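Student: I have a structure I would like to understand better, so I am pasting it below and will then ask my questions one at a time.
Quick note: the coordinates plus some simple rules give every number you see, no bench work behind them. Owing to the predicted nature of the structure, the values given are computational and were not obtained by experimental measurement. All Cβ positions, even for glycine, are placed from backbone atoms using ideal geometry, and neighbour counts span all protein chains on display.
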Amino acid sequence: MIIDVHTHIFPKDICEHRENYFTGEGPFQLLYDSPKSRLITAADLVRSTDESGVDKSVTFGFPWKKEAYFKKNNDTVLESVAKFPDRLIGLCCVDMYSKGAAKEVERCLEAGLSGVGELAFYQSGIEPEALKMLEPVMALCRGKNVPVMIHTNEPVGHQYPGKTPNTLAQIYELAKKFPENNIILAHWGGGIFFYTLLKKEVKETLKNIYYDTAASPFLYTPEIYQAAKSMAGIDKILLGTDYPLLPPDRYFRELEVAGMLPQEKEQICGLNAAQLFK
């Protein structure tokens with residue numbers, strides 16, 4: 001079974017009239033101002049998975065600043081999971097600085113969504129205030145035993161839309177503060193798994209951290225897979241495409257180039273996610 005843990009869907013009217021949602025939504029406009037940045041519906045996603053051979057997709061919307069917008073997007077995810085229950089696994093996405101964030105997470109988890117994410121701190125990084133805001137959401141997810149996906153990125157290298165000012169120290173503090181939560185760090189967690197080579201503390205701190213591969217072909221050479229296997233462990237790597245940013249076949253080709261064994265590819269492409277999402 002192939003499970004893609006990182007895809008985005010939107011309501012139809014947002015797909016067709018994105019410009020109507022730019023006001024007051026700087027990160028959304030930054031990422032989707034260009035017509036080349038695709039927005040898709042759940043039906044579009046399912047059609048694409050039929051073509052690519054993906055069995056299930058974990059999908060979510062966007063961390064809109066306006067509560068009405070993230071509720072609208074979460075309702076679309078709820079409706080989509082109900083329509084395609086064998087194909088889609090839904091996550092609740094919110095802006096953590098919204099007063100209604102925890103209440104919305106509670107609503108979505110009670111309605112049947114399978115976790116929370118992709119939570120992003122595009123302008124602040126994962127600062128102490130962000131960790132404080134996360135506390136009630138993390139508590140809800142611990143109570144339901146569901147994972148939380150956090151947007152992370154490498155703190156060095158070239159700039160690109162959506163690259164946040166997070167630091168490795170901030171990512172590490174996130175893991176330390178919520179050791180009982182299963183946390184998926186998107187985009188390889190900014191490479192923090194390197195520090196599992198330290199003799200003290202880090203490996204234990206990162207024991208419940210998973211890493212998805214979203215946008216990897218844009219960011220890393222295929223050697224990242226062997227490095228992550230060695231340092232994080234093969235059981236902590238999850239296929240994530242960031243679709244529609246990139247199609248699954250780009251990742252399948254990189255797994256071949258990286259020389260991953262058949263069993264390792266099975267773990268990355270589905271078995272690990274199946275266990276995490278039960």
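Student: If Lys and Arg each add +1 and Asp and Glu each add -1, what is the summed charge of the other residues whose beta carbon sits under 13 Å from the beta carbon of residue 23?
Tutor: Working: positive: 18, 65, 66; negative: 19, 25, 33.
Once all neighbours under 13 Å are counted, the net charge is 0.
Student: Run the dipole for segment 173-249 about the Cα centre, Lys and Arg Cβ at +1, Asp and Glu Cβ at -1, nothing else charged, and hand back the magnitude in debye, nearest 20.
Tutor: Working: 8 positive and 9 negative charges, 77 e Å.
Magnitude of the dipole: close to 380 debye.
Student: Same structure, new question: Which one of 139, 268, 213 is farthest out on the positive end of the charge dipole of segment 3-276, using unit charges on Cβ (Lys, Arg +1; Asp, Glu -1) and the Cα centre as origin?
Tutor: Going by the charge dipole, the pick is 139.
Student: Where both partners of a DSSP beta bridge lie in segment 3-276, what percent of those bridges are antiparallel, to the nearest 5?
Tutor: Details: 0 of 19 bridges.
Within segment 3-276, antiparallel bridges account for around 0 percent of the total.
Student: If you rank 261, 91 by fewest surrounding Cβ atoms within 10 Å, what's the result? Intermediate values should be presented prior to the final figure.
Tutor: On the way: 261 11, 91 30.
With the fewest neighbours first, 261, 91 line up as 261, 91.
Student: For segment 106-239, what number results from the quotient of the Cα radius of gyration and 2.2 N^0.38 Å? Show your work: numbers first, answer last.
Tutor: Numbers: Rg = 14.4 Å, N = 134, 2.2 N^0.38 = 14.1 Å.
Taking the Cα Rg and dividing by 2.2 N^0.38 Å, one obtains 1.02.
Student: Tell me the net charge near residue 274. Cut-off is 13 Å between Cβ atoms, residue 274 excluded, with +1 for each Lys or Arg and -1 for each Asp or Glu. Provide the component values of the computation, followed by the final result.
Tutor: Working: positive: 56, 278; negative: 4, 55, 235, 266.
For residues surrounding residue 274, the net value is -2.
Student: Using only the Cα atoms of segment 1-59, build the gyration tensor, take square roots of its eigenvalues as a ≥ b ≥ c, and label the shape rounded, prolate or oblate: rounded if a/c is under 1.5, else prolate if a/b is larger than b/c, else oblate.
Tutor: Taking the square roots of the gyration eigenvalues as a ≥ b ≥ c, segment 1-59 is prolate.
Student: Considering amide H positions built from the backbone, and no H for Pro or chain starts, which residues 5 or more places from residue 243, or on another chain, come under 5 Å of its amide H?
Tutor: 8
Student: So what is the orientation-averaged projected area of segment 197-278, using the convex hull of its C-alpha atoms, in nm²? It would help to have the intermediate numbers written out before the result.
Tutor: On the way: hull surface 22.8 nm².
The directionally averaged projection comes out at 5.7 nm².
Student: Counting only helical runs of four or more DSSP H residues, what would the 222 nm mean residue ellipticity of the chain come to if each run contributes -39,500 (n - 2.57) and the total is spread over all its residues?
Tutor: Values: 13 runs with 113 residues, N = 278.
When only DSSP H runs of four or more count, the value is -11500 deg cm²/dmol.
Student: Scan the chain and report its longest stretch carrying no chymotrypsin sites (Phe, Trp or Tyr not before Pro) that are both in a DSSP loop and have at most 15 other Cβ atoms within 10 Å.
Tutor: Details: sites that count: 22, 97.
With chymotrypsin sites (Phe, Trp or Tyr not before Pro) excluded where exposed in loops, the chain gives 98-278 as its longest stretch.
Student: Moving on. So what are the ³J(HN,Hα) numbers for segment 162-176, from phi and the Karplus equation (6.51, -1.76, 1.60; θ = phi - 60°), rounded to whole Hz, Gly and Pro as x?
Tutor: Those phi angles translate into x, 6, 8, x, 5, 10, 5, 5, 5, 4, 5, 4, 4, 5, 5 Hz.
Student: Limiting things to C-alpha atoms, what are the Rg and the maximum Cα-Cα separation (Dmax) for segment 18-146, in angstroms?
Tutor: For segment 18-146, the Cα-based Rg and Dmax read 15.0, 43 Å.
Student: Have a look at the DSSP beta bridges in segment 1-148 and tell me what percent are antiparallel, nearest 5. If you can, show how the numbers build up before the last one.
Tutor: Working: 0 of 9 bridges.
If we restrict to bridges inside segment 1-148, about 0 percent are antiparallel.
Student: Please give the net charge around residue 86, taking every other residue with its beta carbon less than 10 angstrom from that of residue 86, where Lys and Arg add +1 and Asp and Glu add -1. Don't skip to the answer; put the middle values down first.
Tutor: Numbers: positive: 56, 87; negative: 55.
It works out to a net charge of +1.
Student: Can you tell me the relative contact order of segment 3-276? Whole percent, Cα pairs under 8 Å, sequence separation 6 or more.
Tutor: 18
Student: Right, another one. Could you list 150, 14 in order of exposure, starting from the residue whose Cβ has the fewest other Cβ atoms within 10 Å? It would help to have the intermediate numbers written out before the result.
Tutor: Working: 150 26, 14 22.
With the sparsest Cβ surroundings first, the list reads 14, 150.
Student: I'd like the Karplus ³J(HN,Hα) series for segment 224-233: coefficients 6.51, -1.76, 1.60, θ = phi - 60°, whole numbers in Hz, and an x wherever there's a Gly or Pro.
Tutor: Karplus values, whole Hz, x for Gly and Pro: 4, 5, 5, 5, 5, 4, 6, 9, 8, x.
Student: Next up: May I ask for log10 I(q)/I(0) of the chain at q = 0.07, 0.12, 0.14 Å⁻¹, from a Debye sum over the Cα atoms as equal point scatterers with solvent left out?
Tutor: These q points yield log10 I(q)/I(0) values of -0.22, -0.68, -0.97.
Student: While we're looking at this one, here's another question. Would you mind ranking 141, 15, 92 so that the residue whose beta carbon has the fewest other beta carbons within 10 Å leads the list? If you can, show how the numbers build up before the last one.
Tutor: Details: 141 24, 15 14, 92 31.
Ranked by crowding around the Cβ, least crowded first: 15, 141, 92.
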